[in-house]
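Have a look at the structure below, then the notes.
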Amino acid sequence: MRSMIRASLPTEIICSLLIVASLSGCKLLPTRSQYESAEPDEEIVSIFDRFRDKRTPKMLVDFGNLQLASEHYTVAEPLFEEAIEKDESFLPAYLSLARLYERKNEPKQALAILRKAERKCEQTPDFWNELGVAHSKLGEYDKASEEMEKAIEGDPTRVLFKSNLAGVLAMQGKERQAFELYADIFSPGEAHYRIAGFCYSHGRDRECVEHLKGSLECDPENSLASEMLSRMTGTDPRHVSQIGARPGAPTQTR
């Protein structure tokens, strides 16, 4: 079947089939019966590797993003690097590689990749957003908000850009500005609840409680806000054991 597919279809279609097979686990190609393992599907990766000389940067990034989504970093990273080698001006490869480093908690590496992209590629709203995310991961919130504002100026319709900037503003303690952005995307109750999460992750318990109350005033049926508020105010005996450590509030990239 493999030889028949190679003989009858263009490389781009074959690679697209590989991507679909990797995503769905179906038997478009001879693979494991189900895509059940957390490990990469070695057979699909091996077949994709046979087209090394014909793989375009877009094919590499598309296939790499599937591996990235499954946290197969060791498979995805060389694919993004190969895409950059093939075309140093192909921005999606840099953005995907930066996201990979962010997921690996290596924001300095992500920032270095984006600085290289800044020299090699035309900047787009997605670039400014990703640069802002990298700065936010480093705790450089002023720089992060500056870059994210550029992204919104470039494309005011993107909900993701507004949501990311709102998160950074909330982390800076600029809750009113964060609320205005969130309320443009979500309901007022959801806006308050999201800001409460950022306040909690940064140790601002008083502000967290106020936003949880605000969330419940807007939406009394918000059970998550109600439960968290009862824990925060100590009315729930599980307060200490279930709230747990304060994780850094993540910023979305896609």
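The values are calculated or read from the model by the stated rules, or taken from the named source; none is laboratory data. Every value quoted in this text rests on a predicted model; they were computed, and no experiment measured them. Note that each Cβ is placed from the backbone with ideal geometry, even for glycine, and that neighbours are counted across all protein chains shown.
Taking region 117-148 as the range and being polar (S, T, N, Q) and assigned to a loop (DSSP other than H, G, I, E, B) as the test, the residues that pass are GLN123, THR124.
Can you pull out the residues in region 168-211 that are touching a residue at least 24 places away in the same chain (Cβ under 8 Å), among the polar types (S, T, N, Q) and either surrounded by fewer than 17 Cβ atoms within 10 Å (Cβ to Cβ) or not in a helix (DSSP H, G or I) (or both)? Within region 168-211, GLN172, SER187 qualify.
Yes or no, residue by residue, for (1) more than 25 Å from HIS135 (Cα to Cα); (2) touching a Phe, Trp or Tyr at 6+ places or on another chain (Cβ under 9 Å); (3) of a type in the set (A, V, I, L, M, F, W, C):
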| position | (1), (2), (3) |
| --- | --- |
| GLU175 | no, yes, no |
| TYR193 | no, yes, no |
| TYR200 | no, no, no |
| CYS208 | no, yes, yes |
| ASN222 | yes, yes, no |
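Every condition in (1) modelled with pLDDT of 95 or more; (2) buried (at least 22 other Cβ atoms within 10 Å of the Cβ); (3) within 22 Å of VAL45 (Cα to Cα) holds for GLY64 except the one numbered (1).
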